[in-house]
Amino acid sequence: MNILCVGAGFSCAVIARELAEHGLKVTVIDSRNHVAGNCHTKRDDDTNIMLHVYGPHIFHTNDQEVWEYMNNWAEFMPYINRVKTTYKGSVYSLPINLHTINQFFEQALSPNQARVYIESKADMSINIPQTFEEQAMRFVGKELYEAFFKGYTQKQWGVAPSMLPASILKRLPVRFTYDDNYFNHKYQGMPKNGYTEIVEKILNHKNIKVKLNTSFNKSMQEGFDHIFYSGPIDEYFNFKCGRLGYRTLDFKKEVFEGEYQGTAVMNYADIDIPYTRITEHKYFSPWEEHNKTVVYKEYSRQAECNDIPYYPIRFAEGDSLTPLMKYRTLANTQSSVSFIGRLGTYRYLDMDVTIRDALDTAKKTIKLINDNKQL
Ligand code: UDP
């Protein structure tokens, strides 16, 4: 059986490897000149710092099997994401925790006092928050929402937080302790040699052929029994039901001697600062020493035709607003194509969920093959 995987990010790489181990012949194509998709990392020519070329990726999961899977391919170094944010000239700790609350309100509250204090600010008339704004007003109240979320979210998504789903904010914890770990997950870390090396290793198998600088076109489907497509679902159907909205990112790279901001991620909450955050990449590999430093200023905007799509934009009112449902219906009619990953399924996916989905898809596929059923 011959399989084509479109895209060489984690989704296709994991599926390709699982199927290759099962004896299938797999061709993986990618339009870019490297594997790993937006997780791509590479050492900077000038400073030798490991760069997260398409923005920071920190691995975090509660899924033990996924964690073990990743650890099969790479040595993971301990890494806790501790994010700071600048608002009106002061630096605060994220996610919102006891330090943020005490600093912002100039208090010295204990955990219990802070809980009561924030509850007194929360809009308790909102029962089940539907939008990002309602979620924030309900759980942290107006002042913290307006300081840390309103401007940043408007810059990140290009629309008012009242139009976005509550699920986007639910990604972030609010803590009444001094724990400033950005994630709640049990397993967290950073691969010592970056993500691209992991994907290269996953794809390094005698049954897998990788073709870079190769864009997908429908005529390629001919020679294959099945396709796993991880490109944008609307592009596959030539945008015939309209374009799905994506945010893209522009990075302005700068190199300095010594240190720049002294931490990996500094968010900028003020609406009048055009970038959302500055990342200082040597701090993603804190076990390394470098005399120079590389920073990326990150700007978010609506993706145009030839831009790299990053974030699928979902609205609070539901997906009837977008052609997504039509594409999903069309996708169901394509029995020889499986749409996978962030762009193929148009979901805001973290790496661990991407890998979980890919492992499950591969398992299901192998079972169908073993049972002599159609994929
Ligand atoms: N967010 C915010 N202020 C911040 C950080 C995040 O308002 O300082 C909002 C923003 O809308 C973002 C969402 O919270 O899209 C989720 O944040 P997360 O850090 O998970 O976003 P990521 O950059 O990982 O996609």
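Which Cys in the chain stand alone, with every other cysteine's Cβ at 4.7 Å or more from theirs?
CYS39, CYS241, CYS305 - these cysteines have no disulfide-compatible partner (Cβ-Cβ under 4.7 Å) in the chain.
DSSP beta bridges in the chain, what fraction antiparallel, as a percent rounded to 5?
65
Please state, as a whole number in µm²/s, the translational diffusion coefficient that the Stokes-Einstein equation yields for the range 84-170 at 10 °C and 1.306 mPa s, with Rh defined as the Kirkwood radius across alpha carbon pairs.
Details: Rh = 13.4 Å.
Stokes-Einstein gives a translational diffusion coefficient of 119 µm²/s.
Choose one answer from GLY141, GLY223, GLY151: the residue with the largest mean-square fluctuation in a GNM of the chain with alpha-carbon springs under 10 Å.
Among GLY141, GLY223, GLY151, the largest GNM mean-square fluctuation belongs to GLY223.
Out of TRP287, TRP157, TRP73, any idea which swings most in a Gaussian network model of the chain, alpha carbons joined below 10 Å?
Taking springs between Cα atoms under 10 Å, the residue moving most is TRP287.
Kirkwood hydrodynamic radius for the chain: how many Å is it when counted over pairs of different Cα atoms? Could the numbers behind the result be given before it?
Numbers: mean 1/r = 0.0449 Å⁻¹.
About 22.3 Å, per the Kirkwood formula over Cα pairs.
Between LYS364 and GLU106, what's the calculated FRET efficiency when r is the beta-carbon distance and R0 is 51 Å? Round to 0.05.
Values: r = 55 Å, r/R0 = 1.08.
Between LYS364 and GLU106 the formula returns 0.40.
Take the chain, mark every one of the GluC sites (Glu not before Pro) that falls in a DSSP loop and has at most 11 other Cβ within 10 Å, then report the longest stretch left between them, sites excluded. Walk me through the intermediate numbers first.
Values: sites that count: GLU75, GLU106, GLU289, GLU304.
The segment 107-288 is the longest one with no such site.
Please tell me which of these pairs span more than 19 angstrom C-alpha to C-alpha: LYS25/LYS206; LYS211/LYS253; LYS192/LYS363? Numbers along the way, then the final one.
Numbers: LYS25/LYS206 9 Å; LYS211/LYS253 29 Å; LYS192/LYS363 29 Å.
Correct reply: LYS211/LYS253; LYS192/LYS363.
Sum -39500 (n - 2.57) across every DSSP H segment of at least 4 residues in the chain, then divide by the residue count to get the 222 nm mean residue ellipticity, nearest 500. Walk me through the intermediate numbers first.
Values: 13 runs with 111 residues, N = 375.
Calculated mean residue ellipticity at 222 nm is -8000 deg cm²/dmol.
To make sure I understand, if each residue's beta carbon is the centre and we count other beta carbons within 10 Å, what order do LYS373, LYS170 fall in, fewest to most? Intermediate results must be reported in sequence, preceding the final value.
Numbers: LYS373 8, LYS170 12.
Ascending Cβ contact count within 10 Å gives the list LYS373, LYS170.
What are the aspartates and glutamates whose alpha-carbon lies under 18 Å from the alpha-carbon of LYS252, with same-chain residues fewer than 8 places away excluded?
Result set, ordered by chain and number: ASP44, ASP45, ASP46, ASP272, GLU280, GLU298, ASP307.
In a Gaussian network model over the chain where Cα atoms closer than 10 Å are linked, find which of ILE29, ILE128, ILE202 has the largest mean-square fluctuation.
ILE128
Aspartates and glutamates near LYS121 by alpha-carbon distance under 16 Å, same-chain residues fewer than 8 away left out - which ones?
Partners found: GLU106, GLU133, GLU134, GLU143, GLU146.
No lab work stands behind these numbers, since they all come straight from the coordinates. On a predicted model such as this, the values are computed, not experimentally measured, just so you know. Ideal geometry is used to build each Cβ from the backbone, glycine not excepted, and the neighbour counts take in all protein chains shown.
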